[in-house]
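The structure appears below as structure tokens.
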Amino acid sequence: MFNLNHVLNYFKEVASSLKFQISSTITFGAALLLVWSKENDQQKILLTILFIFPLCMFLGSIIEKFFLLIRKKIQQKVDWNNLTPIEQQFISYYINNNTRTRYMTAYNGTYTDSGIINPLISKGILYIASRMSEYRGESWMSAEQQFPINIHDKAFAFFAKKHDLQIN
């Protein structure tokens, strides 16, 4: 009736899956409520353990995700405040022109300013708006292959506010 391997597998599954933590907490919580008025103390103890473990794991998972989110926001703020002068100059184009898009020339799939663009993409400031290029120029003879590079809305607001503070 009571197999220790099943219980160990249950604990492993609960520890690895948020969905399993939620479903186990609800299931064993309901079962515990149903048997609470009964006389069987062993069953109550087992159900209590099977209820409290996923509940604690679930609360721990939520707290961990909350702190990871806070840490990510702090790291993002540090990264955004410590840009190189060249990166700041590149971003100032978006702020000064009040635009979210900048078209960058690409040759054989490499941007002319990829040494600036790629770190700004990794810092969550810019993103490539489309993998499809456009040919822009005065005529079809002088058209260059260009890709749209956008700035994230949160980054635009952050740098616009920072830009206003530097002007005043």
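Nothing in this text is a laboratory measurement; each read-out follows from the coordinates by a stated rule. As the structure is a prediction and not an experimental result, all values here were calculated from the model. Every residue, glycine among them, receives a Cβ derived from its backbone with ideal geometry; neighbour counts consider all protein chains shown.
Percent of Cα-Cα pairs more than 14 Å apart in the stretch 24-83, please.
Across the stretch 24-83, Cα pairs with separations above 14 Å total 66 percent.
Select from the stretch 7-64 those chymotrypsin sites (Phe, Trp or Tyr not before Pro) which occupy a DSSP coil region and have at most 12 other Cβ atoms within 10 Å, ordered by residue number.
36
Using only C-alpha atoms and all pairs of different ones, pull out the Kirkwood radius for the stretch 34-129 in Å with one decimal.
18.1 Å
Can you pull out the GluC sites (Glu not before Pro) in the stretch 24-127 that DSSP calls coil and that have at most 11 other Cβ atoms within 10 Å?
Listed in order of number, the matching sites are 39.
Given H placed on each backbone N at 1.01 Å, which residues far from residue 149 in sequence or on other chains put an amide H within less than 5 Å of it?
102, 103, 104, 129
Please list, or write none, the lysines whose alpha carbon is within less than 30 Å of the alpha carbon of residue 154, excluding same-chain residues fewer than 8 places away.
Partners within reach: 65, 72, 73, 77, 123, 162.
Mind listing the phi-derived Karplus ³J(HN,Hα) values for the stretch 80-88, rounded to whole Hz, using 6.51, -1.76 and 1.60 with θ = phi - 60°, and x for any glycine or proline?
Here the 3J(HN,Hα) series is 6, 7, 10, 7, 6, x, 5, 5, 4 Hz.
For the stretch 5-15, in order, what is each residue's ³J(HN,Hα) by Karplus, 6.51 cos²θ - 1.76 cosθ + 1.60 with θ = phi - 60°, in whole Hz (x at glycine and Pro)?
5, 5, 5, 5, 5, 4, 5, 5, 5, 4, 5
For the stretch 53-60, in order, what is each residue's ³J(HN,Hα) by Karplus, 6.51 cos²θ - 1.76 cosθ + 1.60 with θ = phi - 60°, in whole Hz (x at glycine and Pro)?
Ordered by residue, 3J(HN,Hα) equals 4, x, 5, 5, 5, 5, 4, x Hz.
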